[in-house]
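The values are calculated or read from the model by the stated rules, or taken from the named source; none is laboratory data. From a predicted model like this one, the values you see are computed outputs, not experimental measurements. Neighbour counts are summed over all protein chains in view; Cβ atoms, including those assigned to glycine, are modelled from backbone coordinates with ideal geometry.
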Amino acid sequence: MSPELRLTISTPASILVDAEVILALRAEDESGSFGILPGHADFLTVLTPSVLRWHGAGNIERFCAVEEGVLRVSRGRSVNIACRTGVLGESLAALETQIAASHAKRVDTARRARVEQTRMHAQAVRQLLRYLRPNRGEA
């Protein structure tokens with residue numbers, strides 16, 4: 001049994017962590033929090049929105065906030081996590097700041113999209129009115 005695990009965390013858009021050597025991992029699913037150590041039995045679970053934490057080289061603790069995801073342990077040596085979104089952090093305080101900034105950016109993007117959608121809808125209605133009443137504007 002190897003005294004280490006290899007961790008990979010990926011999103012549809014990027015690979016956040018690629019085969020980092022770790023000593024232990026802590027994650028959370030619907031049943032609660034659990035830990036993964038080297039030699040763990042093959043395992044598959046759906047992660048809830050939570051913060052993953054692991055101890056890497058030099059016993060340094062690292063963090064990744066995930067929205068949702070799937071965690072798979074294979075052969076007691078490899079932990080693969082596929083998630084919708086993930087934010088890496090060196091500390092919980094830094095991670096909290098990054099998540100708040102990311103959330104604010106998503107809210108602003110959604111707001112801008114709604115404004116643009118409303119503008120395009122109003123423009124389409126004006127075009128339809130011009131088509132249905134072509135002589136109305138000439139008076």
For segment 20-77, how many residues meet the condition of being exposed (fewer than 13 other Cβ atoms within 10 Å of the Cβ) and charged (D, E, K, R)? 3
Is there a residue being modelled with pLDDT of 90 or more, in the same structural domain as Val17 (by TED's automatic domain parsing) and under 24 Å from the mean Cα position of the chain (by Cα) anywhere in segment 113-120? no
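For segment 87-101: of the residues being among the small types (Gly, Ala, Ser) and not in a loop (DSSP other than H, G, I, E, B), which is surrounded by the most Cβ atoms within 10 Å (Cβ to Cβ)? Reasoning before the result, please.
At the first step, the residues of segment 87-101 found to be among the small types (Gly, Ala, Ser) are 89, 91, 93-94, 100-101.
Now restrict to residues that are not in a loop (DSSP other than H, G, I, E, B): 89, 93-94, 100-101.
Values: Gly89: 18, Ala93: 9, Ala94: 13, Ala100: 10, Ala101: 11.
Top of the filtered list is Gly89.
What is the residue count in segment 70-86 for residues that are assigned to a strand (DSSP E or B) and farther than 18 Å from His103 by Cα?
So in segment 70-86, the residues assigned to a strand (DSSP E or B) come out as 70-74, 78-83, 86.
Those left that are additionally farther than 18 Å from His103 by Cα: 70-74, 78-82.
Residues flagged as assigned to a strand (DSSP E or B) and farther than 18 Å from His103 by Cα within segment 70-86 amount to 10.
Looking at the structure I just gave you, is Ala82 aliphatic (A, V, I, L, M) and outside the structural domain of Ile36 (by TED's automatic domain parsing)? Show your work before the answer.
Numbers: aliphatic (A, V, I, L, M): yes; outside the structural domain of Ile36 (by TED's automatic domain parsing): no.
Here the answer is no, as Ala82 does not meet what is asked.
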Could you name every one of the strands (runs of 3 or more DSSP E) located completely within segment 5-46 that has at least 2 residues being closer than 18 Å to Ser74 by Cβ and acidic (Asp, Glu)? 15-29
